[in-house]
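Note sheet for the following structure.
The values are calculated or read from the model by the stated rules, or taken from the named source; none is laboratory data. Fair warning: this is a prediction, and the values are worked out from it, not measured in the lab. Positions of Cβ are generated from backbone atoms using ideal geometry, with glycine treated the same way; all protein chains shown enter the neighbour counts.
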Amino acid sequence: MTATEVLTSHLGTGILIGILYISWLLRVLSRRMSEVTKMRAYYRGFDIGSALLIIATLSYIFQCNAALAQKPVGVLNVEFALLAFYLPLVLGVSINLVSAIVYWGWLFRQS
């Protein structure tokens, strides 16, 4: 990482926390919609997706701190980033997307 990337790397944490907030908001709205329409509890997918997003966020913070300290070189490997950050991020967002489409897909079919 360059010096500029290291200094601005913590700004990405805000984006990940924003994604977690949107996931929580969609879960609450979907749960209420499920109660009203007597749908199955598909909103629990948001819990799994959010847990994976939390893992990705914590991994990102850990990687940023490791880059600032320049100590644990193993954390800065590509393999660690793929397994601890990118894989949970992709899986979490995908699960949340599928759960959101299950509940809110009717909005797109109406138009």
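Being surrounded by 13 or more Cβ atoms within 10 Å (Cβ to Cβ) and free of Cβ contacts under 8 Å to residues at least 60 places away in the same chain is the filter here, so list the residues in segment 30-50 that pass it.
Arg31, Arg44, Gly45, Phe46, Asp47, Ile48, Gly49, Ser50
If you go through segment 30-70 and keep only what is outside any helix (DSSP H, G or I) and farther than 24 Å from Leu87 by Cα, you end up with Lys38, Met39, Arg40, Ala41. Whenever a residue of segment 65-91 is in contact (Cβ under 8 Å) with a residue 40 or more places away in the chain and within 19 Å of Leu7 (Cα to Cα), its partners that are β-branched (Val, Ile, Thr) and surrounded by 13 or more Cβ atoms within 10 Å (Cβ to Cβ), lying with C-beta atoms within less than 7 angstrom and at least six residues away or across chains, give the pairs Ala67/Val6; Leu68/Val6. Determine which member of the set Val102, Val75 is surrounded by 12 or more Cβ atoms within 10 Å (Cβ to Cβ), of a type outside the set (Ser, Thr, Tyr) and modelled with pLDDT of 90 or more. Result of the check over Val102, Val75: Val102.
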